[in-house]
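Before we start, here is the structure in question, set down as structure tokens.
The values are calculated or read from the model by the stated rules, or taken from the named source; none is laboratory data. A quick note: this is a predicted structure, and the numbers were derived from the prediction, not measured. Virtual Cβ from ideal backbone geometry, glycine too; neighbours counted across all protein chains shown. Calculation scope for accessible area: heavy atoms of the full protein, side chains included, ligands and nucleic acids excluded. Shrake-Rupley method; radii C 1.70, N 1.55, O 1.52, S 1.80 Å.
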Amino acid sequence: MLLKYIPLQVFCSQLVFIDWLQHHLIPCPFKYLTGIDCPGCGFQRSVLALIQGNLHKSFILYPPAIPLLMFFAYGLADKFFKLDTSKNIIKKTLFVFVGAIIMVSYGIKMWNLFAHYKASA
């Protein structure tokens, strides 16, 4: 009798866990000290949106989240299955690619954030 309610209990426990995570995010020390977003601000909220299945919201919150998670997944798979060459060409290329995505995303965020400031000559 109770076995048919187990999926419902697991689903509800995941909802409670996600709700708990949303209220206990790790604060950004860079933003706390300077008041400016760091290049990683938004990653936690983006991953939570991804866990909830909201791909669009995840991308809007932090565009590099999905490539960064894929890079971490590749790194773990490479550690166990030795996917890369001895010179780590694939890992280095992915590292530069994901870093470029992070910096471009950060530049766009900062450009839009500080667009209201006018430089006077």
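Taking R0 as 22 Å, what FRET efficiency do you get between residue 104 and residue 38 from their Cβ-Cβ distance, rounded to the nearest 0.05?
0.90
Please arrange 32, 74, 62 by accessible surface area, largest first, computed with a 1.4 Å probe and ligands excluded.
The ordering from most to least exposed comes out as 32, 74, 62.
What list of ³J(HN,Hα) values in whole Hz, one per residue of the stretch 70-87 in order, does the Karplus curve 6.51 cos²θ - 1.76 cosθ + 1.60 (θ = phi - 60°) give from phi, with Gly and Pro shown as x?
5, 5, 4, 5, 5, x, 5, 5, 5, 5, 8, 10, 6, 7, 8, 6, 5, 8
So which lysines can residue 87 reach, going by Cα to Cα under 20 Å and dropping same-chain residues fewer than 8 places off?
Of all the lysines, those that pass the test against residue 87 - Cα under 20 Å, at least 8 places apart if same chain - are 79.
Using a 1.4 Å probe on the protein heavy atoms only, what accessible surface does residue 93 show? Give it in Å² to the nearest 10.
90
Sticking with this structure for a sec: List the lysines whose Cα sits under 18 Å from the Cα of residue 57, skipping any in the same chain fewer than 8 residues away.
109
First select every other residue whose beta carbon is under 15 angstrom from the beta carbon of residue 78; then total the charges, Lys and Arg +1, Asp and Glu -1.
Taking every other residue near residue 78 into account, the sum is +4.
Next question, about the same structure. For labels at residue 59 and residue 31 in the simple 7 Å Cα→Cβ model, what's the distance in nm?
So the two model labels end up 2.2 nm from each other.
Here's something else I'd like to know. Per residue, how much accessible area does the stretch 17-98 show when a 1.4 Å probe rolls over the protein heavy atoms, in square angstrom?
With the other protein chains kept in place, the stretch 17-98 gives 73 Å² per residue.
Let me ask you something else. At 7 Å along Cα-to-Cβ for each site, give me the label-to-label distance between residue 52 and residue 72 in nm.
So the label points at residue 52 and residue 72 sit 1.9 nm apart.
Continuing with the same structure: Under a Cβ-Cβ cut-off of 14 Å, what is the net charge of the residues other than residue 99 that fall near it, where Lys and Arg count +1 and Asp and Glu count -1?
+2
Let me ask something else. What are the ³J(HN,Hα) couplings of the stretch 90-97, residue after residue, when phi is run through the Karplus curve with 6.51, -1.76, 1.60 and θ = phi - 60°? Round to Hz, x for glycine and proline.
5, 5, 5, 5, 5, 4, 5, 4
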